[in-house]
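The values are calculated or read from the model by the stated rules, or taken from the named source; none is laboratory data. Given the structure is predicted, the values throughout are model-derived calculations rather than measurements. Using ideal geometry, Cβ is built from the backbone for each residue, glycine included, and neighbour counts are taken over all protein chains shown. Heads up: the accessible areas ignore ligands, DNA and RNA and are worked out on the full protein's heavy atoms, side chains in. Shrake-Rupley method; radii C 1.70, N 1.55, O 1.52, S 1.80 Å.
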Amino acid sequence: MRIDLHTHSTASDGTDTPTELVRQANAAGLDVVALTDHDTAAGWAEAAAALPADLALVTGTEFSCAWFGANGARIGLHLLGYLYDPDNAELQSERHRLRESRRGRGQAIVNNLRVDGIPIRWERVSELAGDGTVGRPHIGQALVEAGVVGSVDEAFANLLSSRSKYYVRKADMDVFVALRLINAARGVTAFAHPLARRRGTVVADEVIAEMAAAGLDGIEVDHPDHSLADRAHLSGVAADLGLIPLGSSDYHGRNKAVRLGACTTSPEAYAALLARNTASSPIVFAT
Ligand code: AMP
Ligand code: FE
Ligand code: FE
Ligand code: ZN
């Protein structure tokens, strides 16, 4: 069984439509794929309608969160919620709030770039995002089109980095609130790429322990942004805390070099995830 539990489509900052994504997942030999667009459930229905016969679809969302520590410390992080009830009102309004904030924040980053004479238009960024959740990769695409950079990756290395002077933060949910809301919507939770260091500051192991105590179910161990040493460490953390160890590609289509199935989840871990009480089950092809 080949299982990839973290991917993005045009419902957020991926470049494959949900239809293309499930076809690509099938072509890549996956048996299970989770669609986990940022702060939205909008791609699920299209992916389900286009599902090939031998692929199971796990519905999910990657929520923009932050951990708040003492003395004003704040670390941004991503929390995956799987198989939760999309009609849960509280979580629905949070997804809406997070997506709305991303538009204003995207405009603010574009304005910062324009003030410095970088030729980029918000209208084009918005067009590139379409109906999907806006993200920095859309600004990156516009910068490539404008000839400012050669690739989205190059844009992230400098202009769009969280350490850049043009950077503006987006809204987020307190991670403990998110854990409570996703659990209340009967979802399974997983901490996405906890040690993706090049994205910014990462949390200490104690924070992962606090999250585990607050109901966290799983943690990404194998992820393209984790070094081998970090994967070994996280594997130990997962075992110590009783968290389900996951592996996923975090595929974004042409916006990132990583391929579908580049990292995968073991059948045992997947079975542990399915054993939790969830609002829905993976979707399979309806005959
Ligand atoms: P945002 O959500 O708007 O803060 O933008 C962050 C998103 O950009 C994340 O979903 C990442 O997956 C994506 N990202 C981060 N680094 C890169 C990169 N080097 N190239 C393309 N996408 C990236
Ligand atoms: Fe993304
Ligand atoms: Fe993420
Ligand atoms: Zn992701």
request  = Report the paramagnetic label zone for Ile118: residues of region 157-175 whose backbone N is under 20 Å from a point 7 Å from Cα along the Cα-to-Cβ axis.
outcome  = 157-171
message = Which log10 I(q)/I(0) values does region 1-91 give at q = 0.14, 0.21 Å⁻¹ under the Debye formula, counting every alpha carbon as one identical point scatterer?
response = -0.51, -0.95
query = Just going by the charge dipole of the chain, with Lys and Arg at +1 and Asp and Glu at -1 on Cβ, which of Val33, Ile75, Ala190 is farthest out on the positive end?
reply = Ile75
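Averaged across orientations, what area in nm² does the convex hull of the alpha carbons in region 142-287 project?
11.4
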remark   = Which of Gly135, Gly218, Gly69 fluctuates most in a GNM of the chain (C-alpha springs under 10 Å)? That residue is Gly69
key: Candidates Ile219, Ile208, Ile118: whichever shows maximal mean-square fluctuation once the chain is modelled as a Gaussian network with Cα springs under 10 Å   = Ile118
task = Classify region 35-131 as rounded, prolate or oblate from the Cα gyration tensor: take a ≥ b ≥ c as the square roots of its eigenvalues, call it rounded if a/c is under 1.5, otherwise prolate when a/b beats b/c and oblate if not.
result = oblate
query = Which one of Asn88, Val115, Ser101 is farthest out on the positive end of the charge dipole of region 57-159, using unit charges on Cβ (Lys, Arg +1; Asp, Glu -1) and the Cα centre as origin?
reply = Val115
message = Per residue, how much accessible surface does region 98-157 expose to a 1.4 Å probe? Answer in Å², no decimals.
response = 46
query = Given a 1.4 Å probe and every protein chain left where it sits, what share in percent of the accessible area of the chain is carbon and sulfur?
reply = 50
ask   = Size of the dipole of the chain about the Cα centre, Lys and Arg at +1 and Asp and Glu at -1 on the beta carbon, nothing else charged, in debye to 20?
value = 840
ask   = How large is the helix-only mean residue ellipticity at 222 nm for the chain, computed as the sum of -39500 (n - 2.57) over DSSP H runs with n ≥ 4, divided by its residue count, in deg cm²/dmol to the nearest 500?
value = -11500 deg cm²/dmol
task = Grab every C-alpha pair in the chain, bin the distances at 10 angstrom width from 0 up to the longest one, and report whole percents.
result = 7, 30, 37, 22, 4, 0
Rounded to whole Å, sorted largest first: equivalent-ellipsoid semi-axes of region 98-157, Cα gyration tensor = 17, 13, 10
inquiry  = Which one, His252, Ser235, Ile283, projects farthest toward the positive side of the charge dipole computed for region 226-287 from Cβ point charges (K/R +1, D/E -1)?
reply    = His252
ask   = So how strong a dipole does region 192-253 carry about its Cα centre when Lys and Arg Cβ are +1 and Asp and Glu Cβ are -1, to the nearest 20 debye?
value = 240
task = Name the long-range amide H neighbours of Asp250: under 5 Å, sequence gap of 5 or more, or other chain; modelled H, no Pro or chain starts.
result = His6
